[in-house]
There are 2 protein chains.
Amino acid sequence: MLAVARGDRPADVVFRHGRVVNVFTAEVEGVDVAVAGSRIAGLGAYEGAETVDLDGAYLLPGFIDAHVHIESSMATPPEFARAVVPRGTTTVVSDPHEIANVHGLAGIRYMLAASEGLPLSVFVMASSCVPATHMGTAGAELDASALAELTDPRVLGLAELMNFPGAIYGDDGVLAKLRAFAGRVVDGHAPGVVGQALNAYVAAGPRSDHECTTPEEAREKLRRGLFVFLRQATNAQNLLDLLPALTPANRRRAAFCTDDRQPPDLLDEGGIDAMLRMAIGRGLAPVEAVRLATLNPAEYFGLHDRGAVAPGRRADLVVVRDLEALEVEDVYAAGRHVAHAGATLSWPDPPRPAPPAPSMHVEARRVDFRIPARDGRVRVIGVVPDQIVTERLELAPTVRGGEVVADPERDLLKIAVVERHTGSGRVGVGLVSGIGLKGGAIAGTVAHDHHNIICIGADDADMHAAVAAVADLGGGLVVVNGGKVAASLPLPVGGLMSPAPIEAIRRDLDAVVDAARSLGSPLHDPFMAMAFLALEVIPTLKITDLGLIDVDAFSPVSLWVE
Amino acid sequence: MLAVARGDRPADVVFRHGRVVNVFTAEVEGVDVAVAGSRIAGLGAYEGAETVDLDGAYLLPGFIDAHVHIESSMATPPEFARAVVPRGTTTVVSDPHEIANVHGLAGIRYMLAASEGLPLSVFVMASSCVPATHMGTAGAELDASALAELTDPRVLGLAELMNFPGAIYGDDGVLAKLRAFAGRVVDGHAPGVVGQALNAYVAAGPRSDHECTTPEEAREKLRRGLFVFLRQATNAQNLLDLLPALTPANRRRAAFCTDDRQPPDLLDEGGIDAMLRMAIGRGLAPVEAVRLATLNPAEYFGLHDRGAVAPGRRADLVVVRDLEALEVEDVYAAGRHVAHAGATLSWPDPPRPAPPAPSMHVEARRVDFRIPARDGRVRVIGVVPDQIVTERLELAPTVRGGEVVADPERDLLKIAVVERHTGSGRVGVGLVSGIGLKGGAIAGTVAHDHHNIICIGADDADMHAAVAAVADLGGGLVVVNGGKVAASLPLPVGGLMSPAPIEAIRRDLDAVVDAARSLGSPLHDPFMAMAFLALEVIPTLKITDLGLIDVDAFSPVSLWVE
């Protein structure tokens, strides 16, 4: 590379007649770029074995996604890469938190192994909150010493520290994890945390946050020293709300992240590229927007080998014809032409390591969904459309034959979480309102964060059939009506991902969602709504295999109001 | 600290009614600051055991000097700290390059030990170019494996890579050092390197440069990804020339450094504080100037525990009454009040480790300064006032009694470099013009970079006496006239530093400079001029113990023109 840089040897490729977005200076330079092997050798006048005539197009550094759970794409890393690379993302910093809750270190190691040899650089943050709490049963528990076993150089630090009360109050286990990653990057996650609590959280060690929802919150977090990741996930879209918080002085400490994006969003809208278009559409100068997607996260994570078109850095390059429209035409990763016009080009087959054997220890026929009737009212989870918080309802149950039953007429359905990791046979059963099924049942293994089997139904028999179908698939999403599987999406990798092409995953996902909606659900995506009903750290009333959880009281609570 | 941050326990100190310079957002915040022990716990409303009423004064993060050779202060680290801390500098990143050339790893370890327990945080970059070349004899040679032995956590990376040709051309030894510090910070030093050579230099690994002299050079280096340190040394003052290169978009990648500052400058003008005043005087917004001296170098070096007034960071704090005038009133280091009104307050006595025994193996009476006469002209070093480059003169020598002699009437003096490290008895003798002594001799052990004894005289006997006096001191600067020592500055630590109070060093330095000037030298500082005449990497004609060096040819050259 040095010989090419100093002009003593021709480059492998020279990009000519391009306009280079210089993220160091926020300038556009009309200068040629020489690549030697996987690296940029220099900018200037160079000879090359091959020439790419950019004909006035813009050359940008490859985009970096500062925080993503690849599992939310439901695709394995190679298929995730096939979705995001043609749209310009060449590096992601991932938190394999979902599969870690199922398979522990084996899950994280699978994600590392399955992301080798891709046109996408996949870095990993060590999942900090496995399990989220002990008010549910996960497939693994990762303490500080377990996390310290993650010595792969692609492991950059500690992932989003969601246990913000633990950080603020100096919980021993949390502090041990922070000590284990002392001097390395620690990502934060502190929704709504401001004032003195924010001071304590920042003092504990996290350096970033991606949970801001208002410009005021983002401003305060920036002031206290947190790097702010602007998030545009499928289920949490904060970018446009937060842009007003950025100023020429503070935006060096901001970056873009997608967090969780499902296949339809990834395939139809894109990822970081979509965020760039949105930000530019709101008036952010394109070159400044590009800095948020390249140099800023590279600096934050200490990834000094990328994030800029500069000598010695990886030749991760993106070509766009129009800097405002920002439609990606071509993508180069480590000097190799990997995508054109929205599709990946050939790439040597990456290793496809075998995933861990499914964590699926369930005897569906022995699961008991019955709720013996008693006097009094019951607590009911109230779904709020398009939000992951719930309401705590108290209603008179519908009783038949001495049992509390689902009553679709009242939009009262049964909900159950069937523990699948340890073979305990444990099941938490409750009632939910707002899902809207008129009959049948839906079930799935995408159930944050423990990812047990969650099932909602109008009918116990269909619930049995749905849980059995999910177990048979080794994980996935299913819709059952009249005892028959109406649609299914197999997710045999951790119960979270499919090895299928992402377009096939998307078709199956559309099919299960359509089937659930055709059973009467008015929700945009009943499965996504269901997936968060087991997340016992988000208010207000949730359910795990241990039963109903009162999140405000941070403890299990009886179905029956005393 | 967490209990204080969340308001559950009173702070040790609360700074009230101050205006906090927020370097993350470039805002001034009217907010109180709570300190717990050595750390900032939080910003906001806090109770404290002690209160400091700032009465509207500004509270700034302690300043960071991004690159300094402490040896140039001629003081040991405790005395250097006493000079810079009252002026607001609480952290320096030092390159102990000078003492490393004398004492090798022992010298670097002495600097680490002698900078413990100070109100100043002293970080060290591993000196990358010891010796500068083999065209002279240093006291040590540090290859990659020797540098790798520097495992002290205060060693942050590899110091200024002055051997830029070695980096550009991929010299094995240079590449080995870069490999040894892979993934860590590598500082650069590439005066005038632009174009393809700059591409190669950056591609090799250095991340910064502090040798820019023009805005054009600074702009190009910023564009190619180097962090630019603006330097204001005693002998190289670039700040005002470079300020025009900074823009709102690129200045996040710039910082201040002093590189080499002698006692009079440190005591009369200051260091980083002086640079802040100069930059503000030229119109840079004070808050932006402060970022260059705090957050920017902290981010560059990955010092995430300082550089901002923010929760969890070190309570290194500076109080100024007027943000434009920027006169430092009070300084706090790690929460402790360490300076007020320009003077340090009491501080527990730091360890004063014994320095290495002097590297002084010279028998002065056996040194032979004679130059037998021959026919022809001689090469003469031509001093250029206030510059470290020299001219290559060719003159007819003055011959008396079969010998070439010094001829003060023609401003032709003898110059000699006496090897002191190995006891070789080697001496390089030549002629110099431009020093201007009318009689006597000056000698010293500050002679970049090998730091042998360098001597310039009008008279061989006085040169003998001067070399003998320097050797007797174990190193230092002396002026001799008529066989008697007229003035001296003892520098027994490496021949570079004195353990005396810095004010005493300054008095002795003034005295030797005055004495040399009273011998007829018109130079501002004849000793500084002399110190660079042995630096065989700076054009054009220099001298080492191996004799005259033609720097352009990068080889020794005869005194006599053939």
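The values are calculated or read from the model by the stated rules, or taken from the named source; none is laboratory data. Given the structure is predicted, the values throughout are model-derived calculations rather than measurements. Ideal geometry is used to build each Cβ from the backbone, glycine not excepted, and the neighbour counts take in all protein chains shown.
Test B:V186 against the criterion of being of a type in the set (A, V, I, L, M) and in a loop (DSSP other than H, G, I, E, B), and give yes or no. Criteria not met by B:V186.
The number of residues in region B:307-333 that are among the basic types (K, R) and more than 11 Å from every other protein chain (Cβ to nearest Cβ) comes to 2.
Would you call A:A45 aliphatic (A, V, I, L, M), surrounded by fewer than 24 Cβ atoms within 10 Å (Cβ to Cβ) and part of a loop (DSSP other than H, G, I, E, B)? Judged against the criteria, A:A45 is a match. Set side by side, the residues B:P215, B:P153 differ, and just one is within 16 Å of B:V124 (Cα to Cα) and within 14 Å of chain A (Cβ to nearest Cβ), which is B:P153.
Restricting attention to region B:21-42, the residues that are over 15 Å from B:R314 (Cβ atoms) and either out of contact with any helix residue (DSSP H, G or I) (no Cβ under 6 Å at 6 or more places or on another chain) or not hydroxyl-bearing (S, T, Y) (or both) total 10. For region B:218-233, the set of residues classified as within 11 Å of another protein chain (Cβ to nearest Cβ) and within 19 Å of the chain's Cα centre (by Cα) consists of B:F227, B:V228, listed by residue number. Among the residues of region B:16-39, those identified as over 23 Å from A:T247 (Cβ atoms) and within 14 Å of another protein chain (Cβ to nearest Cβ) are B:D32, B:A34, B:V35, B:A36, B:G37, B:S38, B:R39. Any residue in region B:112-125 that is part of a helix (DSSP H, G or I) and surrounded by fewer than 24 Cβ atoms within 10 Å (Cβ to Cβ)? So far as region B:112-125 goes, yes, one or more of its residues are part of a helix (DSSP H, G or I) and surrounded by fewer than 24 Cβ atoms within 10 Å (Cβ to Cβ).
Criterion applied to B:R291, B:R252 was being buried (at least 20 other Cβ atoms within 10 Å of the Cβ), in contact with a Lys or Arg (Cβ under 6 Å, 6 or more places away or on another chain) and basic (K, R), and the one residue passing it is B:R252. Taking the criterion of being more than 20 Å from A:I40 (Cα to Cα), surrounded by 21 or more Cβ atoms within 10 Å (Cβ to Cβ) and more than 23 Å from the chain's Cα centre (by Cα), the only residue of region A:316-356 that qualifies is A:L326.
Quick check on region A:272-285. Is at least one of its residues within 14 Å of chain B (Cβ to nearest Cβ) and within 30 Å of B:V186 (Cα to Cα)?
no
Among the residues of region B:432-447, those identified as under 28 Å from the mean Cα position of the chain (by Cα) and buried (at least 24 other Cβ atoms within 10 Å of the Cβ) are B:V432, B:I435, B:L437, B:A441, B:I442, B:A443, B:G444, B:T445, B:V446, B:A447. All conditions but one from (1) at pLDDT 95 or above; (2) assigned to a loop (DSSP other than H, G, I, E, B); (3) among the β-branched types (V, I, T) apply to A:T234; the one that does not is (1).
For region B:69-91, state whether one or more residues are within 14 Å of another protein chain (Cβ to nearest Cβ) and either crowded, with 24+ Cβ neighbours inside 10 Å or out of contact with any Leu (no Cβ under 7 Å at 6 or more places or on another chain) (or both). So far as region B:69-91 goes, no, none of its residues is within 14 Å of another protein chain (Cβ to nearest Cβ) and either crowded, with 24+ Cβ neighbours inside 10 Å or out of contact with any Leu (no Cβ under 7 Å at 6 or more places or on another chain) (or both). Among all residues of region B:21-30, there is at least one that is assigned to a strand (DSSP E or B), of a type outside the set (F, W, Y) and crowded, with 22+ Cβ neighbours inside 10 Å. Pairing residues of region A:338-353 that are farther than 17 Å from A:T90 by Cβ and modelled with pLDDT under 95 with residues that are assigned to a loop (DSSP other than H, G, I, E, B) and not β-branched (V, I, T), at Cβ distances under 9 Å and at least 6 apart in sequence or on separate chains, gives A:D349/A:G117; A:P351/A:E116; A:P351/A:G117; A:R352/A:P499. Residues that are among the acidic types (D, E) and part of a helix (DSSP H, G or I) within region B:192-222 comprise B:E216, B:E217, B:E220, listed in sequence order. Residues that are facing chain A (nearest Cβ under 8 Å) and small (G, A, S) were ranked within region B:1-15; the one that is farthest from A:P244 (Cα to Cα) is B:A3.
Listed here are the residues, each with its yes/no results for (1) within 30 Å of B:R374 (Cβ to Cβ); (2) more than 23 Å from the chain's Cα centre (by Cα).
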site	(1), (2)
B:V512	no, no
B:A515	no, yes
B:I538	yes, no
B:I543	yes, no
B:L548	yes, yes
B:D552	yes, yes
B:V557	yes, yes
B:V561	yes, yes
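For B:R261, the criteria (1) in contact with a helix residue (DSSP H, G or I) (Cβ under 7 Å, 6 or more places away or on another chain); (2) surrounded by fewer than 23 Cβ atoms within 10 Å (Cβ to Cβ); (3) among the basic types (K, R) hold in every case but one, which is (2). The number of residues in region B:162-173 that are within 12 Å of chain A (Cβ to nearest Cβ) and part of a helix (DSSP H, G or I) comes to 5. When region A:237-249 is limited to residues that are closer than 17 Å to A:R291 by Cα and surrounded by 15 or more Cβ atoms within 10 Å (Cβ to Cβ), the one that is farthest from the other protein chains (Cβ to nearest Cβ) turns out to be A:L239.
All of A:A140, A:A75 fail the test of being farther than 24 Å from A:I272 by Cβ and touching a helix residue (DSSP H, G or I) at 6+ places or on another chain (Cβ under 7 Å), apart from A:A140. Take region A:174-210 and flag every residue that is in contact with a Phe, Trp or Tyr (Cβ under 9 Å, 6 or more places away or on another chain), closer than 18 Å to A:A66 by Cβ and more than 10 Å from every other protein chain (Cβ to nearest Cβ). Within region A:174-210, A:D187, A:G188, A:H189, A:A190, A:P191, A:S208, A:D209, A:H210 qualify.
Being more than 9 Å from every other protein chain (Cβ to nearest Cβ), surrounded by fewer than 22 Cβ atoms within 10 Å (Cβ to Cβ) and modelled with pLDDT of 95 or more is the requirement here; does B:G56 meet it? So B:G56 fits the description; yes.
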